[in-house]
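Accompanying notes for the structure given below.
Taken together, the values in this text are just the output of simple stated rules run on the coordinates, not laboratory data. This one's a predicted model, so the numbers in the text were calculated from it and none came from an experiment. Cβ sites come from the backbone with ideal geometry, for glycine too, and all protein chains shown count toward neighbours.
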């Protein structure tokens, strides 16, 4: 991860919550027809828990957010039994390829482990290789909201 980048828990009253909501709405808003940026901001602020599920983290350079990831109860309406989820991993394009995404995934994993979770999930249409390098395993390939995605699982403790 680049020097000068810190990972911080995002608070609901932090102005960067609007920035993060803008990123995630631009990246994935099309998957939720009828959703608005205002709703995305509300949802993002709701994900800003004090610990455990939900929690939202940002990678910060100086005062500027450059990436985000969160731990939420559910990210796939067709799989309500799978919980919790790593979701909304996003790094600003000019900051990609520098280890920020991996650091954010590790931070969310640490949060999950700290609250006693044994495993958690994610889905991705195209970043399977990144997650596999970080210890995630593919569970199932499915169609979700018009996209072909892979559900992946991360085991946090030995069973």
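For 18, 43, what's the fewest-to-most ordering of other Cβ within 10 Å of each Cβ?
By the 10 Å Cβ count, ascending, the order reads 18, 43.
Just report the Cα centroid separation between segment 54-109 and segment 139-159, whole Å.
A separation of 16 Å, based on Cα centres.
So for 28, 136, fewest C-beta neighbours within 10 Å to most, what's the order?
Fewest to most other Cβ atoms nearby, the residues stand as 28, 136.
Starting from the Cα-Cα distance between residue 96 and residue 77, subtract it from 0.36 nm times their residue separation and give me the gain in nm to one decimal.
Taking residue 96 through residue 77 to full extension adds about 3.9 nm, to one decimal.
Would you mind computing the Rg to Rh ratio of the chain from its alpha-carbon coordinates, Kirkwood style for Rh?
0.93
Could you line up 141, 14 from fewest to most neighbouring Cβ atoms inside 10 Å?
Going from sparsest to densest Cβ surroundings: 141, 14.
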